[in-house]
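Visitor: Before we start, here is the structure in question, set down as structure tokens.
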Amino acid sequence: MTDSSPVLGEERVAVADVCRRLGAEGLLIGTAGNVSVRVDDRVAITATGAVLADLTPDQVTVVDLDGEIVAGGLLPTSELDLHLGVYRRYGTTAVVHTHAPMATALSLVLDELPCIHYQLLALGGTVRVAPYATFGTPELAESVLTALEGRGAALMANHGAVTHAPTLDKAVEHALLLEWACGVYQRAAALGTPRILDEQQQIAVIEAALARNYGTTQSAPEGKR
């Protein structure tokens, strides 16, 4: 199959752009990690063996939800089952899997990343750590899918991290947020026992965010401009 097909052309460009950005941010190294975006029953996903920080659109393959290649001349990532499983179970639009240093480090020692900062509520709160399984296996995919229940992110024991979201940009935001939170936790734990936001504190944050339209720009009243 050749790359002359225009199937998900814009999405293939977007996936390549995202991989280069994640590489520049230090969340991807070499060929480790993978990114995908779904449009209806088609998925643009990174090819196996590609150096992600230098990824080009022709190194992004298009598959259907059964994993059959629709466009592109390269085999998709070995974590294809994981990506397709997230799309089937959660109906999301984009998936980002990284071997980010802090996320991977915490996956070695934690059973979950607790809600240490209110921004983690964007991921659903506490981030679970999926038990270890060999990369590219159905066992790993199922383990991660379970850990993602009700969450936008999961850590993968002795492996890395995965995020998903309604847009590719948001999935990248989630990956960056998770790595930041892992770094904050690691630094705090080196100093003492990190304080955790309890359920009532988390609810109060959600209520305040809704009341104030937190995270969006807002016009100032006429008298304060």
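The values are calculated or read from the model by the stated rules, or taken from the named source; none is laboratory data. These figures come from a predicted structure and were not determined experimentally. Cβ: placed from backbone, ideal geometry, glycine included. Neighbour counts: every protein chain shown. Protein only, heavy atoms only, side chains kept; ligands, DNA and RNA dropped before computing areas. Shrake-Rupley method; radii C 1.70, N 1.55, O 1.52, S 1.80 Å.
Visitor: Counting only C-alpha contacts under 8 Å and six or more residues apart, can you give the relative contact order of segment 1-60 as a whole percent?
Guide: In percent, rounded to a whole number, it is 42.
Visitor: Hey, another quick one. Work out the length of the dipole vector of segment 98-175 about its Cα centre, built from +1 on the beta-carbon of each Lys and Arg and -1 on the beta-carbon of each Asp and Glu, and round it to the nearest 20 debye.
Guide: Computed charge dipole of segment 98-175: roughly 120 debye.
Visitor: Put a dot 7 Å past each Cα toward the Cβ at Leu191 and Glu112; how far apart are the dots in nm?
Guide: So the two model labels end up 2.5 nm from each other.
Visitor: Separate question: Using Cα springs under 10 Å in a Gaussian network model of the chain, which residue among Ala24, Ala208, Ala94 shows the largest mean-square fluctuation?
Guide: Residue with maximal mean-square fluctuation among Ala24, Ala208, Ala94: Ala208.
Visitor: Measuring from centroid to centroid over Cα atoms, what is the spacing of segment 113-133 and segment 9-70 in Å?
Guide: Each part's Cα centre sits 25 Å from the other's.
Visitor: Ignoring any ligand, DNA or RNA, what whole percent of the accessible area of the chain comes from carbon and sulfur when the probe is 1.4 angstrom?
Guide: 53
Visitor: From zero outward in steps of 5 Å, how is the percent of C-alpha pairs of segment 104-165 spread across the bins?
Guide: 4, 22, 30, 26, 13, 4, 1
Visitor: Work from the charge dipole of the chain (Cβ charges, +1 for Lys and Arg, -1 for Asp and Glu, about the Cα centre) and give the residue of Thr137, Ala154, Val43 farthest towards its positive end.
Guide: Selected residue: Ala154.
Visitor: Sticking to Cα atoms, compute the Rg of segment 10-165 to one decimal and its Dmax as the biggest Cα-Cα distance, whole number, in Å.
Guide: 14.5, 44
Visitor: Related question: For segment 100-163, report the accessible area per residue in Å² (1.4 Å probe, heavy atoms, rounded to an integer).
Guide: 40
Visitor: Just the number please: accessible area per residue for segment 27-73, 1.4 Å probe, all protein chains included, in Å².
Guide: On a per-residue basis, segment 27-73 sits at 38 Å².
Visitor: Follow-up. May I ask you to derive the FRET efficiency for Ala211 and Asp169 from their Cβ-Cβ distance with R0 = 30 Å, giving the value to the nearest 0.05?
Guide: 0.75
Visitor: Taking the Cα of Asp58, stepping 7 Å toward and past its beta carbon, and measuring to each backbone N in segment 64-78: which are under 13 Å?
Guide: Answer for segment 64-78: 72-74.
Visitor: Might you work out the accessible area of Val39 for me, using a 1.4 Å probe with all protein chains in place, and round it to the nearest 10 Å²?
Guide: Here the accessible area works out near 50 Å².
Visitor: What is the dipole size for the chain, taken about its Cα centre, with +1 at each Lys and Arg Cβ and -1 at each Asp and Glu Cβ, in debye to the nearest 20?
Guide: Here the size comes out at about 780 debye.
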